[in-house]
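Below is one structure; the comments refer to it alone.
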Amino acid sequence: MKTVGIYFHLHESYIDKAALELEGIQSFIQNENTFTVYADGFRPNIKLQVSETDFEQALKILQDLRQEEE
């Protein structure tokens, strides 16, 4: 599994997961039930992962999604 996104908020990872699933790419949210606080503040800990074979296509889909949001 390779990470295609790291998030502060769980709902953001769900949005990206849904976008990937619409394109037929299965994904997994790692650390879904955790939130990490470090001495110097909050750090993103929620990771969206896909298989290595889907990695490049998933990155492209998420990049296109970000451009649409702008």
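Could you work out [θ]222 nm for the chain from helices alone, using -39500 (n - 2.57) per DSSP H run of at least four and dividing by all its residues? Round to the nearest 500 deg cm²/dmol.
Result for the chain: -13000 deg cm²/dmol, rounded to the nearest 500.
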Kirkwood hydrodynamic radius (C-alpha pairs) into Stokes-Einstein, the chain, 37 °C and 0.692 mPa s, D in µm²/s:
263
If you average the sequence gap of Cα pairs under 8 Å that are 6 or more apart and divide by the length of segment 2-69, what percent do you get for the contact order?
42
Cβ charges +1 (Lys, Arg) and -1 (Asp, Glu), total dipole of the chain, debye:
300
Folded to 0 to 90 degrees: helix 10-22 orientation relative to the chain principal axis, Cα
10
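Quick note: the coordinates plus some simple rules give every number you see, no bench work behind them. No experiment lies behind these values; they were computed from the predicted model shown. For neighbour counting, all protein chains shown are included, and Cβ atoms are generated from backbone atoms with ideal geometry for every residue, glycine included.
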